[in-house]
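Notes follow the structure.
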Amino acid sequence: MTTWGTRLLAVACLLLVVTGTVLGSSLLALTAPFSGTAWETVDRSGEQTVETPYGPATVTYDRNGVPHIEADSTEALYFAVGYTQARDRLFQMDLFRRQMAGNLSIVAGEATVESDRFHRQMDFEGAAETQWDRLQGTEVEDPLRAYTAGVNTYIDRGTLPMEFRLNDYRPTEWTPADTLLVGKRATWGLSGEFSDLRRATVKNRVPGSTELYPDQLDHDSSVFELAREGRTASPATNHPTSERGPGMSADDYDGLYDSLSQFERGQGIGSNNWIVSGNRSATGEPMLANDPHLQLFAPPVWYEMQLSGPEASVHGVAFPGVPMPLIGQNEDVAWGITNVGADVTDVYSYEWRGDQYYHDGTWQNATVETETITVRDGPDETVEIRKTVHGPVLEREGQTVAVSWLGLTGTREPLAFYGFSRAEGMGEFRDALRNFDLPASNIVAMSDDGQTFYRPSGTYPIRRSNGTNVRGDQVFNGSAGEGTWRGFEPYGQSTLTGEGFVDYERVPRIENPQAMGTANQRVADDLDFYLGTSSHFADSYRGQRVDEMLESSLADGEISREEMKDMQRDTRSLAAEQFVPIALDATGKMSDDARRATERLDGWDYRMKKGSRAALVYDRWLTHYRNMTFSDEFYPNGLDESYYPKLWTLARLPADSRWFDDRSTIPVETRADIAARAMNATDAEIEREGWDDYGDVNQLRVNHPFGGTDAAAFLNYPRHPMDGGPYTLFNFRAEPSPQAGSSWRMIVEPDRGIGVRPGGNLGNYWSEHYVGDDLRMWRLGQYRNLWTDPGSQPDIEFVEGSG
Amino acid sequence: MTPGEWAGWLRTGPRSELVTLVAFVLAVPLGTVHWLGLVAGGALVGLTASSTRRALVLGVYLGGVTVLVFVGWLWFAGVLGKAIATGQLFGASLAIAFVFPVLGAAVRGFG
């Protein structure tokens, strides 16, 4: 029976539906059961066949979520790689290119405006296009075009990842320059830095601080110093490094540096690698280990894949958006990479007159463009992009410099990586290495015929001031023509083999080293060209530990596979070994509770294990000790801990160094006073926070870029207490955010290899390989085989068609 | 028969339960295609009811079944745990699955 009441109810319900449709259509489209876009990728069966104009290929995922991609032609192979990477990591690929192009704010809002401003002003996009210009006509052009077509086919026909739905946007078409832009993200992240501004600022603000930033740390653990045997090929050593130029700036760049420091090479970015020749390995064959320490994300920064094409089969890892493995192994060679940390970024100041700057004896016009940054849910911003002959201009807080960075010109490293993948022996590998411009990397390699090799590879600029070579650790006076890299053309093609850069043959190398490793420490004590200063290289603790463990294994005979694993799993901190005696010497000045806490350190094995109370005490004490030593000189001058010197420098300060004196007190403090105060604070802090062991502070928090909001927190990986620290081979940095650590571990021998990632290989949340078993294995220092048989039933088949 | 007589014939007597069952069988898959299908399914089931009150009850039944089918689908796909972990997302989906058929069933109030 129909009444006015029932009609009213029906109308009300209808209104609710209509209102929901109008006001909540996005939410409904996202969350509707079954049909909501959030659930689109729950079931991915049915995407079996893809048409391609490049020829047939197959993709078969193994039990670890690693795609095995096979094709009879190179172009067909890379088309399939593009499609597969987009299927598995499209959101991340798009995020990387957006970040580097300065296009985040259009989807992320005003929080990313400053990031966009910086990246637009640096014009990384223009640099990527310049690089693409250089690569056209080379052997990577066709593979890169095929890869791009594969990505775009997926964008056109595939199911978009959930992240696009959550944030309601779509990816635009992929281009070859986008791939190179992703490469710029990696190369800038490893070599882009403003230490020249930092150094100038500290020098200006903190009197006498020059002693804290020596040209070289006083250790004898450089890469070449520790390398065993082998034939060192260095045509000129024991020459003094270049002179500092005449125009060492005393200006204060604090405001500028504060704004830019968030965009420079991150803390904790480093790596380990080592190599053992067949003469020294238990198997009689060479072995190679590598674990790059990069930021830890969900999904991981690396995408693992195995490619089998007409020319080679290769297994390795690439950044999502990059077609070929950057670290890996093929049937004939394997290679591993750590960052040299070379100084390939310089800054220049000028006299300015409006948009004109004085250079080369005349007033020159800077090129000026204005762009609009579209901001989601906010007013648009404009950004002025200025460039000089040296590069892009950055201006903050009234301080202005131009930046020369090697990656702003047409560099050739994609050719090198493509060559590595296909190399049929050490000779071809070394030929490919000649194209390796950036980022300067300690490259170790081995070949199946038993050869081993090491070279700090990269292109190193030579700075000239007043006709002489000068070092790059300064802000150059661009108006006076200081610090010029001859032949360098930002956003153009430079002669990288010309007089403006160190000749390839002048860079030392080691042929057939017996056993050696690198861990971002100083490359060599004496080079006949400028590579960088202590600010550019890591403390030597990891490098020393690699050497110590190699030495220990060799003393027992040969190095076994298990010992290679033990090295990557090693949690012994040589930094702790250096600092703990300082704490133990100060017990007489501590409170009773602090003294009892310090007793934990007496007899400790210096292993940074999650269940260790001693590791907790040491970790917190070191933080307080460092702060209490430097904060009174740095913070009152507006400088935070990012300006503090290296840990090695702190450890080597004499007991009565003036840096230990607390300027806020009348008595003159010594090292023991500060060590005792730091332990008192440590004890109080541990008591207050209720911490039991190192695992309470050393927590793994690997987050998704969207994971900061409650609604998308499920995309973050689960938290776990972790072993390891910033100075251990088993590398993990709990601070700052995002965390950093071993982003890929690999140990290879001829025709076999093991490895593990800090997370799943696939970016699809619904996949069992989103977190995967790898995260657990990675935490526990376990491995799986790299070369597996995925079975004969492909998950995706590419067939001839229009594409 | 007039439309009113036709509706009355369907909604009463021994055939009415069969008609409701058929409407249910059609309504559930309808809801998997689009969220408006949940409303349409609810309306379809509701229109077979002998009264508005009965229609709302059937809407609740349909909503419950839709929730169960949705949860079962996720379980079968092996992602139920992950779906629950999404929190707000999963909660919103369950709410939509349950409420929209009821709203659709209220159309019975027009007659």
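The values are calculated or read from the model by the stated rules, or taken from the named source; none is laboratory data. This one's a predicted model, so the numbers in the text were calculated from it and none came from an experiment. Cβ: placed from backbone, ideal geometry, glycine included. Neighbour counts: every protein chain shown.
Comparison of B:Val57, B:Val65 shows that the only residue that is assigned to a helix (DSSP H, G or I), more than 7 Å from every other protein chain (Cβ to nearest Cβ) and surrounded by fewer than 18 Cβ atoms within 10 Å (Cβ to Cβ) is B:Val57. I'd like the full set of residues that are at the interface with chain B (Cβ under 8 Å from one of its Cβ atoms) and either crowded, with 20+ Cβ neighbours inside 10 Å or of a type in the set (Gly, Ala, Ser) (or both), limited to the range A:43-59. Result: no residue meets the conditions. Considering only the range A:190-222, state which residues are surrounded by fewer than 23 Cβ atoms within 10 Å (Cβ to Cβ), of a type in the set (Asp, Glu) and within 29 Å of A:Pro636 (Cβ to Cβ). Those that are surrounded by fewer than 23 Cβ atoms within 10 Å (Cβ to Cβ), of a type in the set (Asp, Glu) and within 29 Å of A:Pro636 (Cβ to Cβ): A:Glu211, A:Asp215, A:Asp218.
The helices (runs of 4 or more DSSP H) found wholly in the range A:155-225 and carrying at least 2 residues that are modelled with pLDDT under 95 and within 22 Å of A:Phe319 (Cβ to Cβ) occupy A:162-167, A:176-191. Of the residues making up the range B:75-88, those that are more than 17 Å from A:Ala712 (Cβ to Cβ) and either within 7 Å of another protein chain (Cβ to nearest Cβ) or of a type in the set (Gly, Ala, Ser) (or both) are B:Ala77, B:Gly78, B:Gly81. From the list A:Val702, A:Val799, the lone residue that is within 23 Å of A:Glu70 (Cα to Cα) and at pLDDT 95 or above is A:Val799. Is there a residue in the range A:50-69 that is aromatic (Phe, Trp, Tyr), touching a residue at least 40 places away in the same chain (Cβ under 8 Å) and in contact with a helix residue (DSSP H, G or I) (Cβ under 7 Å, 6 or more places away or on another chain)? Yes; the residues of the range A:50-69 include at least one that is aromatic (Phe, Trp, Tyr), touching a residue at least 40 places away in the same chain (Cβ under 8 Å) and in contact with a helix residue (DSSP H, G or I) (Cβ under 7 Å, 6 or more places away or on another chain).
Only one of the numbered conditions (1) under 17 Å from the mean Cα position of the chain (by Cα); (2) of a type outside the set (Val, Ile, Thr); (3) within 14 Å of another protein chain (Cβ to nearest Cβ) is not met by A:Gly707, and that is (1). Only a single item in (1) part of a loop (DSSP other than H, G, I, E, B); (2) of a type outside the set (Val, Ile, Thr); (3) modelled with pLDDT of 95 or more is not met by A:Trp778, and it is number (1).
All of (1) at the interface with chain A (Cβ under 10 Å from one of its Cβ atoms); (2) basic (Lys, Arg); (3) free of Cβ contacts under 8 Å to residues at least 12 places away in the same chain hold for B:Arg108 with one exception: (3). Can you find even one residue in the range B:8-29 that is at the interface with chain A (Cβ under 10 Å from one of its Cβ atoms), crowded, with 21+ Cβ neighbours inside 10 Å and not basic (Lys, Arg)? The answer is no, given that none of the residues of the range B:8-29 is at the interface with chain A (Cβ under 10 Å from one of its Cβ atoms), crowded, with 21+ Cβ neighbours inside 10 Å and not basic (Lys, Arg).
Of all residues in the range A:403-455, those satisfying the criterion of being in contact with a helix residue (DSSP H, G or I) (Cβ under 6 Å, 6 or more places away or on another chain), small (Gly, Ala, Ser) and not in a helix (DSSP H, G or I) are A:Gly410, A:Ala423, A:Ala445, A:Ser447, A:Gly450. Within the range B:89-100, residues that are more than 7 Å from chain A (Cβ to nearest Cβ) have Cβ atoms under 7 Å from residues that are aliphatic (A, V, I, L, M) and part of a helix (DSSP H, G or I) in these pairs: B:Phe90/B:Ala83; B:Phe90/B:Ile84; B:Leu94/B:Val67; B:Phe98/B:Val67; B:Phe100/B:Leu38; B:Phe100/B:Val39, counting only partners at least 6 apart in sequence or on another chain. When you scan the range B:69-86, do you find a residue that is within 13 Å of the chain's Cα centre (by Cα), surrounded by 14 or more Cβ atoms within 10 Å (Cβ to Cβ) and either not in a helix (DSSP H, G or I) or not hydroxyl-bearing (Ser, Thr, Tyr) (or both), even just one? Within the range B:69-86, one or more residues are within 13 Å of the chain's Cα centre (by Cα), surrounded by 14 or more Cβ atoms within 10 Å (Cβ to Cβ) and either not in a helix (DSSP H, G or I) or not hydroxyl-bearing (Ser, Thr, Tyr) (or both). The criterion of being away from chain B (no Cβ under 14 Å), part of a helix (DSSP H, G or I) and either of a type outside the set (Val, Ile, Thr) or more than 31 Å from the chain's Cα centre (by Cα) (or both) holds for A:Arg89. The one condition from (1) more than 27 Å from the chain's Cα centre (by Cα); (2) of a type in the set (Asp, Glu); (3) at pLDDT 95 or above that A:Glu311 does not meet is (3). Taking the condition in contact with a Gly (Cβ under 9 Å, 6 or more places away or on another chain) and not hydrophobic (A, V, I, L, M, F, W, C), does A:Pro726 pass? So A:Pro726 fits the description; yes. Test A:Tyr541 against the stated conditions and say whether it is in contact with a Ser or Thr (Cβ under 9 Å, 6 or more places away or on another chain) and on the phi > 0 side of the Ramachandran plot. The answer is no for A:Tyr541. Only residues that are assigned to a strand (DSSP E or B) and touching a helix residue (DSSP H, G or I) at 6+ places or on another chain (Cβ under 7 Å) were counted across the range A:457-481, and they come to 3.
Does B:Thr12 meet the test of being more than 21 Å from A:Ser35 (Cβ to Cβ), touching a helix residue (DSSP H, G or I) at 6+ places or on another chain (Cβ under 6 Å) and of a type in the set (S, T, N, Q)? No, not satisfied.
Could you list, in sequence order, all residues of the range A:660-677 that are of a type in the set (A, V, I, L, M, F, W, C) and closer than 12 Å to A:Asn627 by Cα? Those that are of a type in the set (A, V, I, L, M, F, W, C) and closer than 12 Å to A:Asn627 by Cα: A:Phe660, A:Ile674, A:Ala675. In the set (1) more than 14 Å from every other protein chain (Cβ to nearest Cβ); (2) closer than 16 Å to A:Val317 by Cα; (3) surrounded by 15 or more Cβ atoms within 10 Å (Cβ to Cβ); (4) of a type outside the set (A, V, I, L, M), the condition left unmet by A:Asn785 is number (3).
Looking across the range A:6-42 at every residue that is out of contact with any Pro (no Cβ under 8 Å at 6 or more places or on another chain) and not in a helix (DSSP H, G or I), the one that is farthest from the other protein chains (Cβ to nearest Cβ) is identified as A:Glu40.
In the set B:Gly37, B:Gly13, only one residue is in a helix (DSSP H, G or I) and either in contact (Cβ under 8 Å) with a residue 40 or more places away in the chain or farther than 11 Å from B:Ala105 by Cα (or both); that residue is B:Gly37.
Please determine whether any residue of the range A:598-606 is surrounded by 22 or more Cβ atoms within 10 Å (Cβ to Cβ), of a type in the set (Gly, Ala, Ser) and within 21 Å of A:Tyr727 (Cβ to Cβ). No, the range A:598-606 contains no residue that is surrounded by 22 or more Cβ atoms within 10 Å (Cβ to Cβ), of a type in the set (Gly, Ala, Ser) and within 21 Å of A:Tyr727 (Cβ to Cβ).
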